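Note sheet for the following structure.
The values are calculated or read from the model by the stated rules, or taken from the named source; none is laboratory data. Predicted model only: the values in this text are computed from it and were never measured. When we count neighbours, we look across all protein chains shown, and the Cβ atoms used for this are built from the backbone with ideal geometry, even at glycine.
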Amino acid sequence: MKRKGTIILTPTPDLEVQSFLLDGLTRILPGSRFFAEEQKANHLTDAPTWVVDPIDGTLNFMHRRDASAVSVALLYEKMPRFAWVYDPYRDQLYHAEKGKGAFCNGKQIHVSQYSFENALVGYGTSPYDASLAKKGAACALAFLQEAGDLRRIGSAALDLCHVAAGQLDIYFELQLSPWDYAAGALLVQEAGGVFSMPFEEVLRFDRPAGVLASNSVCGERAKQLLTQAAGS
Ligand code: LIP
């Protein structure tokens, strides 16, 4: 259960979608493990593990804004091997398999080639951690001053799909949970982009982390600006 102020952010559909997914995924891969947003205990091992966000963009969903997605990744040895993100409002299914490319409704997708100065930058505000609000806003301002423009969708999974599809050039968020980014990370990588965790030593999918995704042109400048603006 998530709380922001007095609002309880775990609407019933979250739990219902998660239960439906866990039941179906278990039948597809008997014995597989789960690392899911609405599960109480999560522990990532080397075993095949489904990392599931039943409704990414919960606040949008609760306000009937058409920007939420179902995000599922299959990890093996703690790294994503398969990814699926479904946007029900546009009936778009993004999927990727390690080493075999990224696709949207079966059509291969690729990151953009825009330069940093012309980049469209998506970002997340980590709304469940008020202590990150000012730092996140400072990072957004830095990108607004140096890159093309900003967009805030409110679903990290969709933001990462849009980077993979070349509709965003950069995406960052100072703290996200593995179920928000595990599928999107593989989609970005398989679409020719860069997915990194500028504040971690290595890519990790076992606990919340700050994330940065970009096309192949903007990566270094984006990482430099983000780490500088975040004060690390
Ligand atoms: C959300 C992310 C969003 C982020 C929020 C939250 P949720 O996922 O997709 O980008 O800003 O903090 O994590 O909670 O709606 O599944």
>> Against the definition (of a type outside the set (Ser, Thr, Tyr) and free of Cβ contacts under 8 Å to residues at least 40 places away in the same chain), how does residue 39 come out, yes or no?
In response: yes
> Exactly one of (1) within 11 Å of the ligand (Cβ to nearest atom); (2) hydrophobic (A, V, I, L, M, F, W, C); (3) more than 15 Å from residue 193 (Cα to Cα) is unmet by residue 141. Its number?
Replying inline: (1)
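Yes/no per residue for (1) at pLDDT below 95; (2) surrounded by 24 or more Cβ atoms within 10 Å (Cβ to Cβ); (3) away from the ligand (no atom under 16 Å from the Cβ); (4) on the phi > 0 side of the Ramachandran plot:
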| position | (1), (2), (3), (4) |
| --- | --- |
| 145 | no, no, yes, no |
| 150 | no, no, no, no |
| 160 | no, yes, no, no |
| 172 | no, yes, no, no |
| 179 | no, yes, no, no |
| 185 | no, yes, no, no |
| 188 | no, yes, no, no |
| 192 | no, no, yes, yes |
| 197 | no, no, no, no |
> What do you reckon, is residue 39 more than 17 Å from the chain's Cα centre (by Cα), more than 23 Å from residue 192 (Cα to Cα), not aromatic (Phe, Trp, Tyr) and not in a strand (DSSP E or B)?
Replying inline: yes
> Is there any pair linking a residue in segment 109-129 that is within 17 Å of residue 173 (Cα to Cα) and in a loop (DSSP other than H, G, I, E, B) to one that is more than 16 Å from the ligand (Cβ to nearest atom) and modelled with pLDDT of 95 or more, with Cβ under 7 Å and at least six apart or on different chains, and which?
Replying inline: 119/147; 119/148; 119/169; 119/218
>> Let me confirm something: among 75, 44, 29, which residue is touching a Pro at 6+ places or on another chain (Cβ under 8 Å), exposed (fewer than 14 other Cβ atoms within 10 Å of the Cβ) and either at pLDDT 90 or above or over 22 Å from residue 106 (Cα atoms) (or both)?
In response: 29
